[in-house]
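Input: a single structure, listed below in structure tokens.
Just so it is clear, none of the values below were taken in a lab; they were calculated from the coordinates. Since the structure is predicted, the reported quantities are computational estimates derived from the model, not experimental observations. Note that each Cβ is placed from the backbone with ideal geometry, even for glycine, and that neighbours are counted across all protein chains shown.
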Amino acid sequence: MITGKQKPLEEIQRLIEPYRKVLILGCGTCVTIRYCGGEKEVATLASALRLSEGMRNNPRTFIEYTIKRQCEQEFLDEITDKVKKVDAVLSLACGVGVQALAEQFPLAIALPGINTTFIGRPEELGVLSERCLACGDCVIGLTGGICPITRCAKSLFNGPCGGSVNGKCEISPDIPCAWQLIYDRMAKLNLLDKLVEIQPLRNWSSSHSGGPRRIAREDLKLPGTG
Ligand code: SF4
Ligand code: SF4
């Protein structure tokens with residue numbers, strides 16, 4: 001899932017500085033599950049901001065609200081009236097949610113309260129780890145279900161690089177060498193012979209390197225839409 005971290009309070013305070021009435025908008029999906037942008041985090045952030053306003057003569061007003069998904073129009077429709085009544089919306093969604101907000105409400109100030117970090121999975125409570133860079137052409141069928149693009153610091157397709165020490169990546173003793181993981185898993189699966197095959201140069205046009213991507217599913221489009 002998409003993972004993020006709430007921005008430091010001081011940065012959020014700087015972002016909202018020009019605005020008197022701010023809607024703090026949570027998202028009920030990925031960031032709720034990741035404890036950084038759901039209803040509870042909206043309430044906690046609103047309380048912290050109200051406290052920090054406490055000594056002012058004319059404190060800002062904070063409105064709290066959370067919708068199911070900020071990245072989809074049907075859920076954003078629900079806040080049209082609320083957006084009209086505030087000076088800015090501080091979004092606790094991922095970067096997609098903030099941009100959806102800005103696109104749907106062209107005259108609204110949309111501010112990010114979250115630093116979107118990566119697509120990953122929880123390893124244990126409170127620990128998340130990156131797993132996928134959304135490259136657009138998944139190769140993990142060749143590597144035992146372990147992503148060499150995301151999990152190898154050099155995104156090597158024909159690893160390892162030679163810098164691995166005791167199964168850890170040379171960039172940090174805290175990070176497992178992806179190619180050690182791949183080797184171990186392929187050995188368990190009795191598929192080591194597959195690793196001998198040299199993978200050809202990769203065409204990165206399906207990744208973000210080819211520019212912003214778009215998927216148009218003809219089977220899902222409504223008749224007459226572009
Ligand atoms: S190969 Fe690409 S799509 Fe597959 S897990 Fe890695 S980055 Fe994600
Ligand atoms: S040590 Fe392993 S994970 Fe790190 S860059 Fe080299 S091959 Fe990749």
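Relative to the compact-globule scaling 2.2 N^0.38 Å, provide the ratio for the alpha-carbon radius of gyration of segment 1-65.
Values: Rg = 12.3 Å, N = 65, 2.2 N^0.38 = 10.7 Å.
So the Cα radius of gyration is 1.14 times the expected 2.2 N^0.38 Å.
With the alpha-carbon atoms of segment 133-210 aligned to their principal axes, the span from lowest to highest coordinate is 36, 29, 17 Å, starting with the largest. Taking every lysine pair in the chain that is 8 or more places apart or spans two chains, those with Cα atoms closer than 22 Å amount to 17. Computed packing ranks the peptides 64-72, 207-215 as 64-72, 207-215, most packed first, by mean other Cβ atoms within 10 Å.
Subtracting the Cα-Cα distance from 0.36 nm times the residue separation, let me have the gained length for residue 157 to residue 73 in nm, one decimal.
Numbers: separation 84, 0.36 × 84 = 30.24 nm, distance 3.85 nm.
Computed gain between residue 157 and residue 73 is 26.4 nm.
Applying both filters, DSSP loop and at most 10 other Cβ atoms within 10 Å, to the trypsin sites (Lys or Arg not before Pro) of segment 1-60 gives 56.
With +1 on each Lys and Arg Cβ and -1 on each Asp and Glu Cβ, and nothing else charged, work out how big the dipole of segment 2-118 is about its Cα centre, in Debye to the nearest 20.
Numbers: 15 positive and 14 negative charges, 63 e Å.
Rounded to the nearest 20 debye, it is 300 debye.
Would you work out which of 133, 143, 43 lies farthest towards the positive end of the dipole of the chain? Charges go on Cβ: Lys and Arg +1, Asp and Glu -1. The residue sitting most towards the positive pole is 43.
Restriction of the GluC sites (Glu not before Pro) in segment 102-197 to DSSP coil positions whose beta-carbon has at most 11 other beta-carbons within 10 angstrom yields 197.
Given the convex hull over the Cα atoms of segment 84-205, what projected area results after averaging over all orientations, in nm²?
On the way: hull surface 43.0 nm².
Over all viewing directions, segment 84-205 projects a mean Cα-hull area of 10.7 nm².
Look at the alpha carbon pairs under 8 Å that are at least 6 residues apart: their mean separation over the length of the chain gives a relative contact order of 17 percent. In the chain, the DSSP-assigned H stretches of four residues or longer account for a calculated mean residue ellipticity at 222 nm of -7500 deg cm²/dmol, using -39500 (n - 2.57) per stretch and the full residue count as denominator. With viscosity 1.567 mPa s and temperature 4 °C, the Kirkwood radius over alpha carbon pairs of the chain converts through Stokes-Einstein to a diffusion coefficient of 63 µm²/s.
Kirkwood hydrodynamic radius, computed over distinct alpha-carbon pairs, for segment 2-118: how many Å, to one decimal?
13.8 Å
Any idea how far the Cα center of segment 199-218 sits from the one of segment 38-64, in Å? Their Cα centres are 42 Å away from one another.
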